[in-house]
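Student: Take a look at the following structure, please.
Just so you know, all these numbers are worked out from the coordinates, no wet-lab data involved. All values reported here derive from a predicted model rather than from experimental measurement. Glycine also receives a Cβ, built like all others from the backbone with ideal geometry; neighbour counts cover every protein chain displayed.
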Amino acid sequence: MRFQKTVEKLSEQPLSSINQACGSWADTKGAYRMFDNNKVETHEILAPHQLKTRERIGDQSRILVIQDTSFINYTEHFKTKGLGPIGHVNKKKATKADSQGLIMHTALAVSTQGLPLGILDQEIWSREDEEQRPHWRKKACRKRVPAERKESYKWLRALMRTTPLIPPGVQAVTVCDRESDMYELIAKAEALKTHYLIRSSWDRAIQAEHEDYYLWDYMAELPVAGTFEIEAEAKRVAKQKVAEKRMAKLEVRFACVELRRNPKKKMDRAECLAFMPSYVVWVKELKPPQGIEPLEWMLLTNVPVKSFEDAVERVNWYKLRWHIENFHKVLKSGCNIELCRLETAERLERYVTLFSIIAWRLYWLTHISRASPDASCAMVLADHEWKALYCKMKKTRALPSKPPTIREAIRWIASLGGFLGRKGDGEPGITTTWRGWQRLLDISEAWLVFNSSRCG
């Protein structure tokens, strides 16, 4: 009951501190006790959300499980115990040596159409200082250390934990960026009989057509299978000013190769075979605008790629990886988790896990209006919420015979947060939806009080 009550209080005001959100001193003390309770594990906090996520996944034939790591910066929280180094932070007062915080690795389920379905896995920890690490974990010895004893094993742990959560009949494709380019991860996916889509980082030794090659050299020799365009985010090169987004024209090559295991690395030879088959899709931007870094992805997958259309589909799947980056942005910038002043890393881990669920709901709310715009808003709003919203926006006390659509409701909510809804504005973004949600909670609470007094 305490956990449920705390979730409700913090969900209503995700941008507020614990004191502000909980309101009363009794509720505030209860929330702090929950975060301080060593019997409350982060996986127990996440478990109910995982069950609901699994239900949503069951409606799909194929989903993407997108993994990514984010660093939570608590550098200036000097009294917080148990934090660890998180590397460089973009702050003048913080150097690489003294940046402190937590590391968060999340696996987010997303439909192939781009609808966020929920958090399947999350791991939060603090890193040991370099001086405190065992000798085998120090940088000089890293290449000789087995994968399961490295921090990078997070990719495999998430894969192993999420695979059993996938309902029967649903194909799951784990999507990861270049940091995950490990032979062990590919081998583990094959052993678990699941699928992967990984952006390659290394120019691997491969075998193709019974000849030895390096990956980039071999792919460069192949003919172009075709070209297509995608919307891409522009990256700043040097100090040149660039547009935020652009249409990028990509040339596509694809092949099936055998990846070769590095004989010098320590690996489980029973699982990491000497050669592993993999499909490769290489896309490279043609004639990028001046001053723009060209888009280039070398993708490895065990989902068959037999045609140009298959290759384009795999690229579009990888493009959906931005969902997890945006989700982490909602969690940090929208829910302000880096402002929390809980005094131990263990408390913060529970706090961040709870707010991850809240952040997902806000993020999902933004995207469901695009995926199912004509569905009833009763899918996402409580009865009193949509009624209060309707009366506010229409300036009337008369209610309609049926609830408005999700698209109408989300646009109204966003307008409360500053969304103008002009012809060229498109659909509301996350920021205006957050702000509007705050106002709607106050409006709907007032609506409840007003209508209960009228009825009584």
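Student: What does the charge count near Glu313 come to, summing +1 for each Lys or Arg and -1 for each Asp or Glu among other residues with Cβ under 12 Å from its Cβ? Walk me through the intermediate numbers first.
Tutor: Working: positive: Arg62, Lys306, Arg314, Lys319; negative: Glu309, Asp310.
Cβ neighbours under 12 Å give a net charge of +2.
Student: Rounded to the nearest 20 debye, what is the charge dipole size of region 143-190 about its Cα centre when +1 sits on each Lys and Arg Cβ and -1 on each Asp and Glu Cβ? Walk me through the numbers on the way to the answer.
Tutor: Details: 9 positive and 7 negative charges, 50 e Å.
Here the size comes out at about 240 debye.
Student: Here's another thing I want to ask about it. For Met393, Met379, what ranking results if the residue with the fewest other Cβ atoms within 10 Å of its Cβ goes first?
Tutor: Details: Met393 17, Met379 12.
Neighbour counts put them in this order, fewest first: Met379, Met393.
Student: Once phi is turned into ³J(HN,Hα) by the Karplus curve 6.51 cos²θ - 1.76 cosθ + 1.60 with θ = phi - 60°, what whole-Hz value does each residue of region 340-349 show in order, with x for glycine and proline?
Tutor: After applying 6.51 cos²θ - 1.76 cosθ + 1.60, I find 5, 10, 4, 9, 9, 4, 5, 5, 5, 4 Hz.
Student: I'd like the Karplus ³J(HN,Hα) series for region 427-439: coefficients 6.51, -1.76, 1.60, θ = phi - 60°, whole numbers in Hz, and an x wherever there's a Gly or Pro.
Tutor: 8, x, x, 5, 4, 5, 5, 4, 4, x, 4, 4, 5
Student: On to the next question. Amide H neighbours of Asp121 under 5 Å, at least 5 residues apart or on other chains, H built in the peptide plane: list them.
Tutor: Ala107
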